[in-house]
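Below you'll find the structure, written out as structure tokens, and then a few comments.
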Amino acid sequence: MQMPEPDRGAIARREEIAAALRAIVPGEGVIVDEDERRPYESDGLSAYQTLPLLVVLPETVEQVSQVLRYCFENGIKVVPRGAGTSLSGGALPLEDGVLLGLGKFNRILEVDYDNRCARVQPGVTNLAITKAVEADGFYYAPDPSSQIACSIGGNVAENSGGVHCLKYGLTTNNLLGVQIVTIDGEVIEIGGKHLDSEAYDLLGVMTGSEGLLGVVTEVTVRLLRTPETARAVLLGFETSEAAGDCVAKIIGAGIIPGGMEMMDKPAIHAAEDFVRAGYPLDVEALLIVELDGPTQEVDYLIDRVREIADGCGAVSQRVSESEEERLTFWAGRKAAFPAVGRISPDYYCMDGTIPRHQLPKVLTRMNELSSQYGLRVANVFHAGDGNLHPLILYDANNPGELEKAEDFGSDILKLCVEVGGVLTGEHGVGVEKRDLMGTMFSEADLQQQQRLKCAFDPGGLLNPGKVFPTLHRCAELGRMHIHKGQMPFPDIPRF
Amino acid sequence: MTHFTPETPDQVREAVAWAVSEGAPLSVRGAGTKASVGRPINTSHELDLSRLTGITLYEAEELILQAWAGTPMSEIEAALSARNQRLEFEPPNYAALLKSDKGAGTLGGAVAANLAGPRRIKSGAARDHFLGFEAVSGRGEDFKSGGRVVKNVTGYDLCKLMAGSWGTLGVMTRITVKVMPVAEKQRTVLLATDDPETAVRALTEGLNSPYDLSGAAWVPTAIAARSGLSLISGQGSGVAALRLDGPGPSVEYRCEKLRQMLGVHGPTDELHSRNSAGFWREIRDVAPFSASDDLRAVWRLSTAPSEGAALYGSVMALPGAEAFLDWGGGLIWLAVEGAGDAGAEAIRTALQAHGGHATLIRGGADLRAAVEPFQPLKPGVRRLTEKIKQAFDPSGVLNPGRMYDGV
């Protein structure tokens, strides 16, 4: 993976830049010492590491603004970082770039139940929002697996999902406002506590922009009332086709479960060995279907789901009879990544989305690729919305095996695009999928996206080297090729 | 005056490229049902998408539908209805409100205006169901974004940018949206009250309960009396309405619980299926201000729901004012006399205290030229808005000035 050629001049000026930033962020908020920079060298995609030029940890919006303004005026690159849990290398540092950590922005500023929202700083963890309001019967819906650690600012940058997306949406569907600081240091308020943000939907544009457009310094999230109850059903199937068919029939019957997850045999075994969730070990595919809502509704829908599952040939069925049992069902799924980590020295987590009906074809092809590359793969799958997480098992100590795993991963993602899907459902493009963007987008599509980047960051200083495989100068992207010509399509109807 | 009516995306691109090369701005429209919204624009050429029609993909079990942008909403809704599905953002039909005879508009128009109905409180607006598009930029180039799957974070989310951009950034040619199953049953709990504060308190209690509302509105006495539904017009009072939908046993259970909960505020009643649907259609389509002889200006105010009652109180002082609330108090539909600035300054001053924005949805061309129909932008957002316009439509050939001067 190639990163843009580092600016040797910036590296040579490390001490000078540090001194300037210390004037903005006093005390220990500027980290220059190599050993102290080391913990920041990678994010959740640990296969890639780069030591940042230096690390700055501001505590106020004013400091963020001044840091960005300084970098803007001096042409220094900036990589924003929340909790550093990105699985796509979104917060991978640059050796000539300042790493801007938002970890000190860790306060919940306001909880407003009358408007069902909370105003929080970007370094607050996803789970901490729910923890702060759950005693009052509310929660924040998006629940990425890393929710205990990942920050809400990072969730905005990545448009994070989770198991409840099918019913409750991604981050972008659960925000009301953000405060951002643009690269030139301007603080901009977008949205508020009202439902529709005015003008162009800058809130929607910022969400999922992977730290390339601005730095999020405050977030207003929607809170939802905690459902009266939630129950889960475990359904075992002899084939993944039968499980996939069951998913389609549940949705076809008009039922949108709170969560609908699928695991294949290797994932079931790894999870069961790890947490003893009581999963059946003799099935090829396991579905966890969770229904949430008023008690009457949940009981009614559980019965309907069980009938549908019978019709699809489910060989085992278990309904959670207590909250404890429901959480046990989920414990295996939620621990699937570390569980796989126990059976393999390393694993590489992929994140494509496919039209659901393509699942059997994709799984078959994935098994063929597995034999071809000689690497095992375990699959967990947000079955309701078609988001696949194949976990490729490898050993980085075997020379060439990481590269092989990466190639296998690329092939899986290309396959996702080929069957009508996309490269990433919730982990983001980052550096990981950057060079695959061309399989999904034409050069014209990517250039138009980069023109949006130019509107926010004309110098390309914010998180360069992420998302786009080729960097273009904004002046070049702005050029127009105008051909004076004839009236188009003389034969098209006009009045 | 050239009126382009392309039937293929290539023809759309050719028309825009011609406009760029001639420096001849285009007014871009679908069926033209919402042509009277926004600043009057001075273009002598029109790009009319109403012949770029047809559903190109509908996979009910995948919950997606893809169609050419000019496809009439009536065609989309008929296809969905045949599979017992719907667009969950409950797109309104403003034909009567805007005195248009062009039907319910097009899919492209619904998305470009980022429409949302009463279900906004639960399910969001068009933006939240908009998965992907193909378009022609103001540079005369094809581009696309998003996809056909519901979970996708590949690249910037340009769908959000196109939704609500009123054709000023690109001409969408094909659109993919998420669709959802129609709920098995619906019911509406009514609470008789004339007091907006009591109403907003009741709506808030409903929204903060676990009973999962899909609508939360209030109409004052005079508006209730004009309802086409005798169960509403016969109340002899203002009415707060809370909609429940979902599986049958669930709706019945929640309806009972909600009536118990709201009973402390006054007498309650309920509307069942057809009456319930009829009432919400009136709210959705702004029927209270849609009578053919109603020539008042109509504003749409979006604010924090808890501010709804207070804001209602301050705008009701305007001449000829009449208003009702949706979105639990977060949306105020306001009709006022169209004279002078039709209350623009007073409304926007009042909003400063409460947060949010106001859009003039109905008003004569003179009024729309004299006041800003879209909320004036704060400097930082204004600067980004201009640069985004520049990035997508550098020559300003697509609906120039429709939202803001110079954009």
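The values are calculated or read from the model by the stated rules, or taken from the named source; none is laboratory data. Here the structure is a predicted model, which is why all the values come from computation and not from measurement. Here the Cβ positions follow ideal geometry from the backbone for every residue, glycine too, while neighbour counts run over all protein chains shown. Heavy atoms of the whole protein, side chains included, go into the accessibility calculation; ligands, DNA and RNA do not. Shrake-Rupley method; radii C 1.70, N 1.55, O 1.52, S 1.80 Å.
Which residues of region A:445-471 bury at least 50 Å² of accessible area once all protein chains are present, versus their chain alone (1.4 Å probe)?
A:Asp445, A:Gln448, A:Gln449, A:Arg451, A:Leu452, A:Ala455
Considering only DSSP beta bridges with both partners in region B:2-181, what is the antiparallel share in %, to the nearest 5? Don't skip to the answer; put the middle values down first.
Values: 24 of 31 bridges.
Given both bridge residues lie in region B:2-181, the antiparallel proportion sits at roughly 75 percent.
Find the accessible area per residue for region A:8-101; the probe is 1.4 Å, ligands and nucleic acids are left out, and the unit is Å².
Counting only protein heavy atoms, the per-residue value for region A:8-101 is 40 Å².
Based on DSSP, what percent of beta bridges with both residues in region A:8-101 are antiparallel, to the nearest 5?
20
Testing the spin-label approximation: label points 7 Å from Cα along Cα→Cβ at B:Glu337 and A:Glu418. State their distance in nm.
7.1
Counting only protein heavy atoms and a 1.4 Å probe, tell me what percentage of region A:352-427's accessible area is made up of carbon and sulfur.
The computed percentage sits at 44.
Cα centroid distance between region B:59-136 and region B:154-187, in Å?
If we compute the Cα centre of each part, the gap is 8 Å.
Below 8 Å, C-alpha to C-alpha, sequence gap of six or more: please give me the relative contact order for chain A in percent.
Relative contact order, chain A: 14 percent.
Which ³J(HN,Hα) values, rounded to whole Hz and listed in residue order, are derived for region A:228-239 from phi using the Karplus coefficients 6.51, -1.76 and 1.60 in 6.51 cos²θ - 1.76 cosθ + 1.60 with θ = phi - 60°, glycine and proline given as x?
3, 8, 9, 9, 10, 10, 9, 10, x, 10, 7, 9
Between chains B and A, what is the buried accessible area summed over both chains (1.4 Å probe, protein heavy atoms, nearest 100 Å²)?
Details: alone 16920 and 21870 Å², together 30670 Å².
About 8100 Å² of accessible surface is lost on pairing.
Taking the Cα-to-Cβ direction at B:Ala96 and at A:Thr295 and moving 7 Å from each Cα, how far apart do the two end points lie in nm?
4.2
Report ³J(HN,Hα) in whole Hz for each residue of region B:337-347, in order, from the Karplus equation J = 6.51 cos²θ - 1.76 cosθ + 1.60 where θ = phi - 60°; Gly and Pro get x.
Each residue's phi maps through the Karplus curve to give 4, x, 5, x, 9, 6, x, 3, 5, 4, 5 Hz.
Pop out the ³J(HN,Hα) list for region B:204-209 in order, Karplus 6.51 cos²θ - 1.76 cosθ + 1.60 with θ = phi - 60°, rounded to Hz; leave Gly and Pro as x.
5, 4, x, 5, 8, 8
Mind jotting down the distance between the C-alpha centroids of region A:366-406 and region A:429-483, whole Å?
Value for the Cα centre distance between the two parts: 29 Å.
Using alpha carbon centroids, what distance separates region A:315-363 and region A:111-137, in Å?
Each part's Cα centre sits 28 Å from the other's.
At a 1.4 Å probe, which residues in region B:293-322 are at least 30 Å² less accessible with all protein chains present than in their chain isolated?
Buried-area filter returns B:Ala304, B:Pro305, B:Ser306.
What does the helix-only formula give at 222 nm for chain A: each DSSP H stretch with n ≥ 4 adding -39500 (n - 2.57), the total divided by the residues, and the result rounded to the nearest 500 deg cm²/dmol?
Per the formula, -10500 deg cm²/dmol.
On a 21 Å Cα-Cα criterion, which of the cross-link pairs B:Lys99/B:Lys178; A:Lys249/A:Lys361; A:Lys167/A:Lys466; A:Lys414/B:Lys160 come out too long? Intermediate values should be presented prior to the final figure.
Values: B:Lys99/B:Lys178 30 Å; A:Lys249/A:Lys361 18 Å; A:Lys167/A:Lys466 30 Å; A:Lys414/B:Lys160 25 Å.
With Cα atoms farther than 21 Å apart: B:Lys99/B:Lys178; A:Lys167/A:Lys466; A:Lys414/B:Lys160.
Quantify, in whole percent, the carbon and sulfur part of the accessible surface of region B:299-385 (1.4 Å probe; protein heavy atoms only). Could you put the intermediate results ahead of the total?
Values: 1610 of 2860 Å².
It is 56 percent, rounded to a whole number.
Just the isolated ones, please: cysteines in chain A lacking another cysteine beta carbon under 4.7 angstrom.
A:Cys71, A:Cys117, A:Cys150, A:Cys165, A:Cys349, A:Cys416 - these cysteines have no disulfide-compatible partner (Cβ-Cβ under 4.7 Å) in chain A.
Less than 10 Å Cβ to Cβ from A:Ala285, Lys/Arg counted +1 and Asp/Glu -1: what total charge do the surrounding residues give?
-3
How many Å² of accessible area per residue for chain B, probe 1.4 Å?
So chain B comes to 31 Å² accessible per residue, rounded to a whole number.
Over region B:185-284, what is the mean sequence separation of C-alpha contacts under 8 Å (at least six apart), divided by residue count, expressed as relative contact order in percent?
43
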